[in-house]
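Before any comments, here is the structure.
Read-outs: derived from the displayed coordinates by stated rules, not from any lab. Source: prediction; values computed, not measured. Cβ: placed from backbone, ideal geometry, glycine included. Neighbour counts: every protein chain shown.
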Amino acid sequence: MLADAGLEVASFNLAYLCEHNQNGVRKYISKECEWKHYNLSTQREPHFVDAYSYIKMGDYHWYGCLGHRNLAEAANQYSQAAVKGNPQALFNLAYMVEEGVDISPVIWWRLHLSSDIYTSKVRLLLELYARCRESRQSEAFMPCCLAWFRIWCLDIWDQYHIYMKVTSFLSVFVTITTTTYLVYRHFLQRRIDRQNELERKAAEEEEDRGRLADLQNIVEVEENDDEEEFEDI
């Protein structure tokens, strides 16, 4: 009754109940009640409106819940919530920019963004995600950090992808060349070691044969001496 009477706080509370279907509210109230009453809750001085109402109305216009999308109004509603420091609104605005939505400069003026920022897509996204990251709501820190880091990496890739590709090619070339050279040196060294081992064994065998021949000569000489001594006797 208070919501139907035009009390904005009651409209917000009823819209919240409709959204979460608490106590079976939707059994008694139409399905569109949440959008109707969130809209009513925004019809007052902006500093009295809860940022969540602006977020929900932005979603309403972004998704086109009645079959008609109004992207300009969605950006307007999100910007009203962003002014209040809501990280979800900043994230949604950044998402709209990434999707290529043409957003009026008035929106960026409202957020106190200079023209040198909002005229550059990358700088605008980095600024929006940075503000989202620095908000007081701790649960927004990680997704905003990841989004900021993703944009930063894409920007680095766009600026230096040619140099990075050349550097990567040179790195791969140097790695393959060095690996091939080391493998070649390894097998060459093994071949040299094997050849040296064979030569060493051949030299040892030759030395053994020489020693054996010397022993045979000594034995023959001794046998001859023995025979000569026997003949003399």
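Fully extended, how many nm does the chain gain between residue 109 and residue 203 (0.36 nm per residue separation, minus their Cα-Cα distance)? List each step's numbers first, then the result.
Numbers: separation 94, 0.36 × 94 = 33.84 nm, distance 9.28 nm.
Full extension from residue 109 to residue 203 adds 24.6 nm.
Sorting 60, 54 on the 10 Å Cβ count, fewest up front, what's the list?
Details: 60 21, 54 26.
Ascending Cβ contact count within 10 Å gives the list 60, 54.
Amide H to amide H, which residues 5 or more places from residue 134 or on other chains are under 5 Å from it, using H placed in the peptide plane?
The answer is none.
How large is ³J(HN,Hα), in whole Hz, for each residue of the range 149-157 in order, when computed from phi with the Karplus curve 6.51 cos²θ - 1.76 cosθ + 1.60 and θ = phi - 60°, using x for Gly and Pro?
5, 5, 5, 4, 5, 5, 5, 4, 5
Using only Cα atoms, what Kirkwood radius does the range 56-175 have, in angstroms?
Values: mean 1/r = 0.0638 Å⁻¹.
After inverting the pairwise mean of 1/r, the radius is 15.7 Å.
In sequence order, what are the phi-derived ³J(HN,Hα) couplings for the range 127-135 according to the Karplus relation 6.51 cos²θ - 1.76 cosθ + 1.60 with θ = phi - 60°, rounded to whole Hz, with x for glycine and proline?
Those phi angles translate into 5, 5, 5, 5, 5, 4, 5, 8, 5 Hz.
Rank these for me by crowding, 186, 47, going from fewest to most other beta carbons within 10 Å.
Details: 186 10, 47 7.
With the fewest neighbours first, 186, 47 line up as 47, 186.
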